[in-house]
1. In Å³ and rounded to a whole number, note down the convex hull volume per residue for the Cα atoms of the stretch 317-369.
2. Subtracting the Cα-Cα distance from 0.36 nm times the residue separation, let me have the gained length for residue 211 to residue 33 in nm, one decimal.
3. So for the pair residue 48, residue 144, with labels modelled 7 Å out along Cα→Cβ, what separation do we get in nm?
4. Highest mean first, what order results for 70-80, 29-39 on Cβ atoms within 10 Å?
5. Ranked highest first by the average count of other Cβ atoms within 10 Å around their residues, in what order do 338-349, 307-318, 282-293 fall?
6. Cα atoms only, the stretch 82-145: Rg and Dmax in Å?
7. Per-residue HN-Hα couplings for the stretch 315-330, Karplus 6.51 cos²θ - 1.76 cosθ + 1.60 at θ = phi - 60°, whole Hz, x for Gly and Pro?
8. By per-residue mean of other Cβ atoms within 10 Å, what is the highest-first order of 122-135, 9-22, 198-211?
Amino acid sequence: MNIFVTIGFLIANVFYLLAIERFMGVFFEKRKTSFKVMALSYLLYFVLASAERLLLFTDFSFSHLTVIPVLFVISLNYGAPMIKKLVAVACNYVLFTMLVAIPYGLISIFYESLLDNLQIASVIIYSCGSLLSYLTASLLRRLKYIRKNQLALPKLWGSILFVQILTLIGYFSNNPENVIMGNNLLITTIFLTTNLFILYLYDSISGMYEEKLNSALQSQEKDYYLSQSLLMQESVERMKAFKHDIRSHLTALKEYFLKSNPADATMYFDRLLGEIEVSEVYSETGNIAFDSIINYKLRNARQDNIQLDVSLFIPQVISIEVTDVVTILANLLDNALDAIAKVDEKILNLYIEFNKDSLFIRADNSFDGFVKYSEGKIGEEKQITTSKNGAGHGYGLKNIKKAAEKYNGCVDISHTNKIFSVKIFLYINQRG
């Protein structure tokens, strides 16, 4: 084998490796394994692909089917639902197969005599295909919503995977003796354009879905802010009224003491203290997002006879998106209050502290001792989904975990027979 042919194949395979890395970046936002593990999986692909293509360089019928399992192994380095990983592998294989077929089709039409020299032709075709794959993957990285969307959309992803399978069946069955189908440039172009459009459509639907969720969160956020504004206004009005009447109150108390009537004086004091307690604000850190949500959610705590212990140590400004604050705190407090409503002993302890670049949130609440667990696969650890009933139970904790992952954080859930505890840790780069 010509040394230049070997070098040409290896260089082209490096570009394919880069193209795969960029293409995985279209679907996945971040990896979940160490860099060493990910590098080994890419190296395995490089070795297998190079061996396969060097052995089969004399025959254009290679389909690199043996590297599909390795593509799946590469996808396991990233955090996403399994159906999304399968879609990424299928789209990767289909698109790159089409892109290597395009230069073959062009040569077949405009420079067919080059195919007489299989070694030179295979290097040129494979090199052009690798460059096209890299450029296409780089362009597809502009689609931002596919990789951001981590929500379960099995119907959408399942449909896309089904289309990829149909594409392969239709593409290869047209000429089983030449599976890359380069001699039919029109079919190749149609399939390629269709699949690129599917990815664009996938990105658009994901974007619309995310905007819908953000809109719902922003609507909640406005309600919290409005509640906080009304609460602050009510407190200010009460304080103004109290200051306005303070002279009269002090005069009345003076009369009670002058007449040696401590019982009436005590009752008068209790009434004044009651008016002050009604306007109690649970969170006044100056951080509008946290204050609004906490005060809104706990506004009826006293009437519901909940024993509250709220300790907050956070600055006025934290580098965390308001929508994530809404997702975490709203779901956390909703779950806690729902659980408290089912028991006689109503206890809620909320502790939030910001220290350097980390935010720690802990909520402990009394509950009825009943906990639901997700039905995971055999061998997998079951996850707590809370004791809510109905089709939507457990999504509160799932949304909290999803928001925490954005900040490289974690969620720890534990419970005794009477107390349910949720601990949330977020890493927040204030320098950003």
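Every number here is computed from the coordinates shown, using simple stated rules; none is lab data. Note that the structure is predicted; figures quoted are calculated from it, not measured. Cβ placement follows ideal geometry from the backbone for every residue including glycine, while neighbour counts extend to all protein chains displayed.
1. Values: hull volume 4.1 nm³, N = 53.
It comes to 78 Å³ per residue, whole-number rounded.
2. Numbers: separation 178, 0.36 × 178 = 64.08 nm, distance 2.94 nm.
Computed gain between residue 211 and residue 33 is 61.1 nm.
3. Here the modelled spin labels are 3.5 nm apart.
4. Working: 70-80: 19.5, 29-39: 12.7.
Final packing ranking: 70-80, 29-39.
5. Details: 338-349: 15.8, 307-318: 13.0, 282-293: 20.2.
So the order, starting with the most tightly packed, is 282-293, 338-349, 307-318.
6. For the stretch 82-145, the Cα radius of gyration and maximum Cα-Cα distance read 14.5, 46 Å.
7. Once rounded to whole Hz, the list reads x, 5, 10, 10, 7, 9, 5, 4, 4, 6, 4, 4, 4, 6, 5, 4.
8. Values: 122-135: 21.0, 9-22: 19.1, 198-211: 15.8.
So the order, starting with the most tightly packed, is 122-135, 9-22, 198-211.
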